[in-house]
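*Asks:* Can you read through this structure? Questions will come right after.
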2 protein chains.
Amino acid sequence: MFRGVLRVNPHRYQIPRFSAITSSSQRTFVTGKTTAKPKRSRRRKIGYAVGTATLIGTFSYLITQDYLFLQEAKGAHEQVPFLALHPERGGVKNLPVVTHQLDDLAQDEGKPRLVIIGSGWGAVSVLRNLDKDKFNVTIISPNNYFLFTPLLPSVCVGTNEPRSLLEPIRKIAARVRGHFLEAQAIDVDIENKMIEVKSMRLMANDNETEGKAEHFYVPYDQLVLAVGATSITHGVQGLNHTHQLKTVQDAMAIRRKVMENVEKACLPTTTPEQRKQLLSFVVCGGGPTGVEFSAEIFDWINEDLVKWFPKLLREDVSVTIIQSRDHILNQMDVHISEFAESRFKRENINVVTNARVVRIEDNNVVYKYKSNGDNEEDLHSIPYGLCLWSTGIAMTPFVQSLSEKLGIQNHQRVLLTDEFLRVKGVPDMSIFAVGDCATIENPKLIEHIEEIFENSDKNKDGRLNTEEFNDVIAYIKRKFPLTRQHCEKLERAFEKYDLDHSGTIEIQELAKFLRDIDKKVTQLPATAQVASQQGEYLAKYLTNRTNNPFIYKHLGTLAYLGNTAVGEFTWGYKMIGGLYSMYLWRSVYWSEQVSMRTRMNLSLDWTKQALFGRDLSIV
Amino acid sequence: MFRGVLRVNPHRYQIPRFSAITSSSQRTFVTGKTTAKPKRSRRRKIGYAVGTATLIGTFSYLITQDYLFLQEAKGAHEQVPFLALHPERGGVKNLPVVTHQLDDLAQDEGKPRLVIIGSGWGAVSVLRNLDKDKFNVTIISPNNYFLFTPLLPSVCVGTNEPRSLLEPIRKIAARVRGHFLEAQAIDVDIENKMIEVKSMRLMANDNETEGKAEHFYVPYDQLVLAVGATSITHGVQGLNHTHQLKTVQDAMAIRRKVMENVEKACLPTTTPEQRKQLLSFVVCGGGPTGVEFSAEIFDWINEDLVKWFPKLLREDVSVTIIQSRDHILNQMDVHISEFAESRFKRENINVVTNARVVRIEDNNVVYKYKSNGDNEEDLHSIPYGLCLWSTGIAMTPFVQSLSEKLGIQNHQRVLLTDEFLRVKGVPDMSIFAVGDCATIENPKLIEHIEEIFENSDKNKDGRLNTEEFNDVIAYIKRKFPLTRQHCEKLERAFEKYDLDHSGTIEIQELAKFLRDIDKKVTQLPATAQVASQQGEYLAKYLTNRTNNPFIYKHLGTLAYLGNTAVGEFTWGYKMIGGLYSMYLWRSVYWSEQVSMRTRMNLSLDWTKQALFGRDLSIV
């Protein structure tokens, strides 16, 4: 019956659908196409066979899945707590207090409340490493998904689809039976241990958002801040003309813009100057995001644009990276940076180093070389069709207000925590911060010089011999774990700091030693790697599986350069270019995915891109 | 080297990325996790092996592809015609006239210009069936992709991804070396054979759209209108509160709204009444779109919502279909409609028949039963969280202005064409119309009764014997091909129309015969199937491969009902329910795809949905 049904459709690209006309078999309409039929029908049969196999597999699985779920759903209808449906009001502002949740289970009653704000690397890492039954967990975030940020640049041109980078936070939170609230934290009442939260507008069809937002309190016993950061402006005017690349919406907007500009460049009324402008991509910031974005743009141009658009366009495309330092990728080894720069040069990606963006105009990025003055005649201007702003991070308004509320916070860009990731200035130490929104406050060893000296000068002779100097290092490592990495490098430093070759270290010489360490202990970078390790640590710390302070283990760094990649790894190996490096780059990111679904999606995206190219549709 | 590199990362979910800290191997940080390591590393190895295989395949292909393209691109740098870069001005409004295109080839010079407006079923069907080298083809559309409309409802909940339904129009047009302009046709200068076209805003960063749009003329020798239709309002107020489902953006907006409403329903400040409203989906129109949308919503609720959201929500979901006729799916067989209704009843989809929507309020759909009066007390009101409006089609403003310009057009909803799809009222017959924007004007046989009678009454006795009556039918079939299907059913109708049993048909009896045919010849439905057949026909007609008028061959009709489907086919078979029918439904749509890319995407979407469920992320 099945084959009979399929064989009946003699036209290949006509799709049966609804019709007001009654059926009738009509055989009189003869076209000239009869000779072509046998070939077509063979091809169709093969097509159907493949389709059939695929669909039978899919379908059998579906039935099993659905059956299992229905059984499960039947038994799972718990009573919803009365207070979940009708929360009592309270707190300073007399708002509803969410003491119970719609999906609270009886066995979660009385467990300590762990609230996580955010759904990025830090939050997800906590969720994935937390013991299953220790906490009643609530996640609060305006995004109901986790985003795999390192691959965002590839979404800008369609190498990967946005949803291949996303995993619903509800699925990640299911392991610890976490509750998710799609809402935004706007304030913390530290005294009463409650977070003030703002829902998005409630009713479906009101156009005013702000007036309709509902505020409520979520009480916590332990609070994890993992809210990330915004972009730093450096006081540059006109950033509203630029795109950023922090969210999946940013990436989708860039993709639309890139495609729209290319389509506009094809219009007959576009002048040659306008065409050059439309196809000029300017990237402010030579960090990994800017570099990888440039590489993706060039991949797209070389692999797709030339195939499907007028050839003329290829010559009008330009990519410019404006970097304030000596090199792009300046956080990596200088050889890597130089390789990236020479490769970009070959690809006609214009790298402007030692330059500072002065302002963004409607159609021009205005910049100056650092060595030049600030006069108008020293300024350079470059027209753009799309400008990406990716220069660094700054505090979100929520973090900023919290930082101001906690008196002793004095960092401009992040919250300061101690080495256990506890936010400084919180009396009961119940607030933690991970990822881009926080940094661990570095100790200033020099402020502790007397304590260090006295503790190690065992024989009280006012100077340190070799043995006593080793005690100094051991003491510092124990008391200031953040310095540990640097202390290790200095273990044979006795001779170096014995400046007067007296055979002992005097207090002035110790001061130099401590200052040198202080200089070397820098802040941890705002990377996924750091956030992820912090989240894992915190999950252990919260459930008393560790009492040690947090130590960051740098595993390595990678950047994609357009069908090649660069990287450096902890044990000293540097990967510079070569085709295999793109493959390695993809493998590493593939293995770091949080779910099999996103793994499968990524593999399929890469395969599809190779087979069919990127999709050119503007949606 | 490769394996060594990968083995180095001992943490599973930490992603190497950029860091300001210099590398150093740090071994002192010990966690409690060592016992779990052997198992993990085995799993990781398997993961890497799978990844490696996938990536090697992908990668080898990539290299080949890129090499081939680079070779091709090198030789393909043609001279761009001067006039393509600097079009001359002309026409009534003295606008740029696009006589040459950026990607014109020398061999296309002098070929007749075929311009196709639109990128839907009709346009694509013309493109796919056109002879390769007969025309210089230009496609004008605001969308640079073809959309597989029949599967749009499945995008509303994420069963399929939007890009799985899209194929870039440039890839389809490449076969005939067509030029694509992303722009909107706003007027036709029939006398000078030029289309006035409006580009979208030109420069990248201006916020005012309208002022910056550029207008230009595109000259044509033959013009095909395939612009589709908009939704009919039936004069109902408040449609701005509703969603439509005609574009991929519509479907994506609905998906966002559905997910947002569900997330809002989970918030603790949402009252039970608000929750019910947020989860109330009201569908105005019981045609295939409305029915399939309802089915998809229910699939989503039963397969995904219950798994990941508080169980409570399941009971608060409602779907209501408001249909003006006796049955939903009223264009199909009544048994099919009844099956659909009984199935929906079982699934708690509320079907309201014989009802008319009166107005859409902010949060309520107001309707009345047709049998009732128009008083306020006769009105019913149903709260909604999302309302889908899918009740029928109307002319786009462009078609409307063209229709008014052509004097003899008198149809309210579409352009009238003759049986060769030529728009009526165009002096040189150079404008054609296909798909939802047009309909073939039906002949009124009764107006031709004298001609028909005289021509067939061979013996001039003022009445028709059996043989002469057969001549009548043959004559009608020849002269009025649209009636052919109905004439065939009437071939043995002599006795039926010999009302006075005189053994001959008199002129009054012939009049009844002709009127009966006139009644039966209805307009073709606004379906993908019709548009597609018209496009194929037109491609042949334009290249003189046929001189016959267009005849529509109805192949069948399908509708998805939520893990089952219904259908009816030309040769009288009806498919009513059963699990295999969903499978058949998918197979048919799969085989009708315009590219292997979308075929692969659809198969993968279905597989992924079965394996992992739908994505819940709101993007």
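The values are calculated or read from the model by the stated rules, or taken from the named source; none is laboratory data. Just so we're clear, the structure is a prediction, and the values are computed from it rather than from any experiment. FYI the Cβ positions are ideal-geometry reconstructions off the backbone, even for glycines, and counts take in every protein chain you see.
Here's the yes/no breakdown for (1) of a type in the set (Ser, Thr, Tyr); (2) buried (at least 18 other Cβ atoms within 10 Å of the Cβ); (3) in contact (Cβ under 8 Å) with a residue 12 or more places away in the chain:
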site	(1), (2), (3)
B:Glu441	no, yes, yes
B:Gly462	no, no, yes
B:Thr466	yes, no, yes
B:Val472	no, yes, yes
B:Arg484	no, yes, yes
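*Asks:* The conditions are (1) surrounded by fewer than 22 Cβ atoms within 10 Å (Cβ to Cβ); (2) out of contact with any Lys or Arg (no Cβ under 6 Å at 6 or more places or on another chain); (3) in contact (Cβ under 8 Å) with a residue 12 or more places away in the chain, and B:Gln237 fails exactly one of them. Which is it?
*Replies:* (2)
*Asks:* Sort out which residues of region A:324-336 are at pLDDT 90 or above and within 14 Å of chain B (Cβ to nearest Cβ), and write them in order of number.
*Replies:* Across region A:324-336, the qualifying residues are A:Arg325, A:His327, A:Ile328, A:Leu329.
*Asks:* Determine whether A:Ala565 is surrounded by 19 or more Cβ atoms within 10 Å (Cβ to Cβ), over 16 Å from the mean Cα position of the chain (by Cα), under 23 Å from A:Ser164 (Cα atoms) and more than 7 Å from chain B (Cβ to nearest Cβ).
*Replies:* The answer is yes for A:Ala565.
*Asks:* On to the next question. Which one of A:Glu260, A:Glu273 is of a type in the set (Asp, Glu) and over 27 Å from A:Leu165 (Cα atoms)?
*Replies:* After applying the criteria, what remains is A:Glu273.
*Asks:* Still on this model: For region B:94-204, please list each of the strands (runs of 3 or more DSSP E) lying entirely inside it that holds at least 1 residues being free of Cβ contacts under 8 Å to residues at least 40 places away in the same chain, out of contact with any helix residue (DSSP H, G or I) (no Cβ under 7 Å at 6 or more places or on another chain) and basic (Lys, Arg).
*Replies:* The strands (runs of 3 or more DSSP E) meeting that bar are B:194-199.
*Asks:* Tell me which residues, restricted to region A:181-202, are crowded, with 17+ Cβ neighbours inside 10 Å, over 12 Å from A:Pro142 (Cβ atoms) and away from every other protein chain (no Cβ under 12 Å).
*Replies:* Listed by number, the residues that qualify are A:Asp187, A:Val188, A:Ile190, A:Lys193, A:Met194, A:Ile195, A:Glu196.
*Asks:* Oh, and also: Looking at region B:398-451 only, could you name the residues that are within 27 Å of B:Leu510 (Cβ to Cβ) and among the basic types (Lys, Arg)?
*Replies:* Across region B:398-451, the qualifying residue is only B:Lys444.
*Asks:* Something else: Are any of the residues in region B:550-564 among the aliphatic types (A, V, I, L, M) and modelled with pLDDT of 90 or more?
*Replies:* Checked region B:550-564: no residue is among the aliphatic types (A, V, I, L, M) and modelled with pLDDT of 90 or more.
*Asks:* Restricting to region A:361-411, give me the number of residues that are aliphatic (A, V, I, L, M) and under 20 Å from A:Val317 (Cα atoms).
*Replies:* So the count comes out to 5.
*Asks:* If you don't mind, another one. Considering each residue of region A:536-554, count those that are more than 9 Å from chain B (Cβ to nearest Cβ) and among the polar types (S, T, N, Q), and give that number.
*Replies:* Within region A:536-554, residues that are more than 9 Å from chain B (Cβ to nearest Cβ) and among the polar types (S, T, N, Q) number 3.
*Asks:* So which strands (runs of 3 or more DSSP E) are wholly in region A:208-313 and hold at least 3 residues that are in the same structural domain as A:Val126 (by TED's automatic domain parsing) and in contact with a Cys (Cβ under 9 Å, 6 or more places away or on another chain)?
*Replies:* In region A:208-313, no matching strands (runs of 3 or more DSSP E) lie anywhere.
*Asks:* Right, something else. Scan region B:570-608 residue by residue and report those that are under 20 Å from the mean Cα position of the chain (by Cα), part of a helix (DSSP H, G or I) and of a type in the set (S, T, N, Q).
*Replies:* B:Ser587, B:Ser591, B:Thr598, B:Asn601, B:Ser603, listed by residue number.
*Asks:* Which condition number does B:Gln533 fail, the rest of (1) facing chain A (nearest Cβ under 9 Å); (2) more than 24 Å from B:Glu592 (Cα to Cα) being met?
*Replies:* The failed condition is (2).
*Asks:* Here's a follow-up. Have a look at A:Val566, A:Val530 and point out the one that is closer than 30 Å to A:His411 by Cβ and not in a loop (DSSP other than H, G, I, E, B).
*Replies:* Every option except A:Val530 fails the conditions.
*Asks:* Then there's this: May I ask you to list the residues in region B:314-327 that are outside any loop (DSSP other than H, G, I, E, B) and among the hydroxyl-bearing types (Ser, Thr, Tyr)?
*Replies:* Scanning region B:314-327 gives B:Ser318, B:Thr320.
*Asks:* Further, regarding this structure: Please specify each residue of region A:329-357 satisfying the condition of being touching a residue at least 24 places away in the same chain (Cβ under 8 Å) and under 16 Å from A:Met575 (Cβ atoms).
*Replies:* If the condition is that a residue be touching a residue at least 24 places away in the same chain (Cβ under 8 Å) and under 16 Å from A:Met575 (Cβ atoms), then A:Leu329, A:Gln331, A:Met332, A:Asp333, A:His335, A:Ile336, A:Phe339, A:Ala340, A:Arg343 are the ones that fit.
*Asks:* Which condition number in (1) in a loop (DSSP other than H, G, I, E, B); (2) at the interface with another protein chain (Cβ under 7 Å from one of its Cβ atoms) is the one that B:Thr557 fails?
*Replies:* It is condition (1) that B:Thr557 fails.
*Asks:* Tell me, please, whether a residue that is more than 30 Å from B:Pro481 (Cβ to Cβ), more than 8 Å from chain A (Cβ to nearest Cβ) and not small (Gly, Ala, Ser) can be found in region B:585-593.
*Replies:* Checking region B:585-593: at least one residue is more than 30 Å from B:Pro481 (Cβ to Cβ), more than 8 Å from chain A (Cβ to nearest Cβ) and not small (Gly, Ala, Ser).
*Asks:* Same structure again: What do you reckon, is B:Trp606 within 30 Å of A:Ser603 (Cβ to Cβ), assigned by TED's automatic domain parsing to the domain that holds B:Ala253 and touching a strand residue (DSSP E or B) at 6+ places or on another chain (Cβ under 7 Å)?
*Replies:* no
*Asks:* May I ask you to say which residue of B:Thr230, B:Thr209 is of a type outside the set (A, V, I, L, M), within 30 Å of B:Asp187 (Cβ to Cβ), modelled with pLDDT under 95 and in contact with a strand residue (DSSP E or B) (Cβ under 7 Å, 6 or more places away or on another chain)?
*Replies:* B:Thr230
Residue-by-condition table, conditions (1) surrounded by fewer than 24 Cβ atoms within 10 Å (Cβ to Cβ); (2) closer than 19 Å to A:Leu616 by Cα; (3) within 12 Å of another protein chain (Cβ to nearest Cβ); (4) β-branched (Val, Ile, Thr):
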| site | (1), (2), (3), (4) |
| --- | --- |
| B:Glu109 | yes, no, no, no |
| B:Leu114 | no, no, no, no |
| B:Lys134 | yes, no, no, no |
| B:Ile139 | no, yes, yes, yes |
| B:Ser154 | no, no, no, no |
| B:Lys171 | yes, yes, yes, no |
| B:Ala174 | yes, yes, yes, no |
| B:His179 | no, yes, yes, no |
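*Asks:* Of all the strands (runs of 3 or more DSSP E) wholly in region A:372-437, which have at least 1 residues that are over 19 Å from the mean Cα position of the chain (by Cα) and surrounded by fewer than 18 Cβ atoms within 10 Å (Cβ to Cβ)?
*Replies:* Where strands (runs of 3 or more DSSP E) fall fully within region A:372-437 and carry at least 1 residues being over 19 Å from the mean Cα position of the chain (by Cα) and surrounded by fewer than 18 Cβ atoms within 10 Å (Cβ to Cβ), they are A:380-383.
*Asks:* Moving on to the next point. Sort out for me the helices (runs of 4 or more DSSP H) sitting completely within region B:445-506 that have 2 or more residues that are within 22 Å of B:Phe420 (Cα to Cα).
*Replies:* B:466-479, B:484-489
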